[in-house]
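The values are calculated or read from the model by the stated rules, or taken from the named source; none is laboratory data. Remember, predicted model here, so these are calculated numbers, not experimental data. Every residue, glycine as well, gets a Cβ built from its backbone with ideal geometry; the counts of neighbours run over all protein chains shown.
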Amino acid sequence: MKFSAEDNNFIKIGASKQDVEVSHARLLVVMMFFAIGFFIVSFRVFDVALLDGGRDFNSASIDGSVPYKSRGNIVDRNGILLAINLSTASLYANPQVVMNVEEAVSKLSAVFSDINKDVLKSRLESDKSFIWVKRNLTPKEQYGVNSLGIPGLYFQNEEKRVYPHKNLLSHVIGYVNLDGKGISGIEKKFDEYLLEENDNAPLQLSVDIRAQGVVHDVLQQYVDDFKAVGASAIVMDVDSGEVISMVSLPDFDPNKFAEVTENQRFNRSTLGVYEMGSTFKSFNMALGLDSGVISMRDKYDVSRPIKAASFFIRDFHPKKKRLTVPEIFMYSSNIGSAKIAMDVGGEAQKEFLQRLGLLDGLAIEVPEKAHPLYPQRWSEISTMTISYGHGIAVTPLHIVQSTAALVNGGILHPATLIHKKNNDLVDGVKVINKDTSDNMRKLMRFAVKHGTGGRADASGYFVGGKTGSADKALNGDYNRKATISSFIAAFPMNKPRYVVLVMLDEPVGNASTGWYATGGMVAAPAIREIVERISPILGVMPVDGGDYEIRREFWYDDDNAKGAKLAFAGDF
């Protein structure tokens, strides 16, 4: 068949139209594929960025914890920073975007030497779209990650809690976790307050970081020298209850809380309860004087041990004669203390210790605190043993708080870690008479000048105090090789401003102490060093010219000066 030229033109035009239509169809198909691809990518971006199965990159962590919120500063009584938040970057990854897991793990481990390669690899191979790689990077680490050029890695701005003084205040301040939640100490107690907007006003504590540094240094030295398993030291203002320093050893660096052990976390100052031994004789003596049952001129026969049930109450350094009340305190006589307690009576003893706060919990602003342990049935034997600090267990802070009331005129102030301004000061509770307090100051100074506390005497500061040594209870019995050795002191005794306690847990005597590990040997010298070093910091100046003779004197018997008059130190 032959076609004319006109037919051929028509055929060509028809073919062109068909080609155009085919091209349009192909273009439409291509555009549809592009549209579908764009939709898929857009949806994925939307899903990853906003939905992600309900997970928000800006607020989620590996374990679903809440985002790190900004947190208020903590300062000491002089405004020195103790805890502050610093801006940091945290690294997270989207495993769905990471193309080569092996390469990513290898490169990241070169930047983070402490990273667990197996754990990271497992997470990056998961079907999740969000995992934390590392929180709170240093600027150097962030720069190192940026230099790797690995797709699927991202940074999130966060805040890191920093404790500039490291372990100096670990048990007081405590610490927060990675998400900024208070875990212990002040951080836990005031967790909500520190997260609130408080006009940028920091939380001001009563502690003085300068005094804290001294106390920590001295206590650590004595722990090392006497190989103690732990220790506690506390300094408190007698007129306000403000804790100026509180140390518990061993301690920890709150900046590295993940490395902390249970033993390091344990706060011996407020959570540990111990039979504090002869430090309780101060309370027993105050009980006898305040009740009017005894006077400073009374005498007791301590020549023979007291048989109580199946054991005997003996003196560590027996005098085997009659002793005056001041001598009973000076020589730390268990027998004399037990007889005074029996004359007063168990019911009055229990009521008095309750009044001093020794049977109640502490009001101190840390969650880590314990309640005293004492017999439910307050028997005659309990009355005798409690008089010298056995059969009752309290925290070191209980001893400090109650001793402050003995020397400040008789006012009990609850111990606090919050700095009190003048207009914040509240009246305490009257627990003993002023005359009783005056006599207790004399007796405590007497014990340092002439008794078992001689090693605590800091020249010019009129230190008064009481030793304490008690075997630790173990399986219902006492372990004579494990001792709680302590010394409770106040200074200056003419007008007390501070109470100081040092307690060593299981110290071991050495050649310098004649291999003794009693409170008078191992804790009293630490008191002297602390007083001498913190007094200039706290504005307490030494007095030259030796001791002052007081207006009121009483007689005491002594092997070397029988019938001599005793002149106490201090302008009482």
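I need the full set of residues from the range 364-410 which are charged (D, E, K, R), out of contact with any strand residue (DSSP E or B) (no Cβ under 8 Å at 6 or more places or on another chain) and under 23 Å from PHE266 (Cβ atoms), in order please.
GLU368, LYS369
I want to confirm something. Restricting to the range 128-164 and keeping residues that are more than 37 Å from the chain's Cα centre (by Cα) and at positive phi, which single residue is surrounded by the most Cβ atoms within 10 Å (Cβ to Cβ)?
Ranking the qualifying residues of the range 128-164, first place goes to GLY152.
Going residue by residue through the range 101-123, is there one that turns out to be within 37 Å of the chain's Cα centre (by Cα), surrounded by fewer than 13 Cβ atoms within 10 Å (Cβ to Cβ) and of a type in the set (Asp, Glu)?
Yes, the conditions are met somewhere in the range 101-123.
Please list, ordered by first then second residue, the pairs with beta carbon atoms under 6 Å, 6 or more apart or interchain, first in the range 403-421 and over 17 Å from ASN439 (Cα atoms), second assigned to a loop (DSSP other than H, G, I, E, B) and basic (Lys, Arg).
HIS419/ARG77
Restrict the check to the range 185-201 and report whether at least one residue is buried (at least 21 other Cβ atoms within 10 Å of the Cβ), in contact (Cβ under 8 Å) with a residue 12 or more places away in the chain, among the charged types (D, E, K, R) and not in a strand (DSSP E or B).
Within the range 185-201, one or more residues are buried (at least 21 other Cβ atoms within 10 Å of the Cβ), in contact (Cβ under 8 Å) with a residue 12 or more places away in the chain, among the charged types (D, E, K, R) and not in a strand (DSSP E or B).
Of the residues LYS434, LYS430, which single one is of a type in the set (Lys, Arg) and more than 26 Å from GLY336 (Cβ to Cβ)?
Just one listed residue meets the conditions, LYS430.
Acidic (Asp, Glu), touching a helix residue (DSSP H, G or I) at 6+ places or on another chain (Cβ under 6 Å) and assigned by TED's automatic domain parsing to the domain that holds VAL218: which single residue out of ASP471, ASP457 fits that description?
Of the residues listed, the single one that is acidic (Asp, Glu), touching a helix residue (DSSP H, G or I) at 6+ places or on another chain (Cβ under 6 Å) and assigned by TED's automatic domain parsing to the domain that holds VAL218 is ASP457.
Has the range 326-338 got any residue that is over 14 Å from SER387 (Cβ atoms), among the charged types (D, E, K, R) and in the same structural domain as GLY454 (by TED's automatic domain parsing)?
There is at least one residue in the range 326-338 that is over 14 Å from SER387 (Cβ atoms), among the charged types (D, E, K, R) and in the same structural domain as GLY454 (by TED's automatic domain parsing).
With a cut-off of at least 3 residues that are under 20 Å from VAL394 (Cβ atoms), name the helices (runs of 4 or more DSSP H) lying wholly within the range 312-365.
In the range 312-365, 334-344, 346-355 are the helices (runs of 4 or more DSSP H) which contain 3 or more residues that are under 20 Å from VAL394 (Cβ atoms).
Kindly establish whether GLU262 is within 30 Å of ASN177 (Cα to Cα), charged (D, E, K, R) and either within 38 Å of the chain's Cα centre (by Cα) or not assigned by TED's automatic domain parsing to the domain that holds LYS449 (or both).
When the stated conditions are applied, GLU262 passes them.
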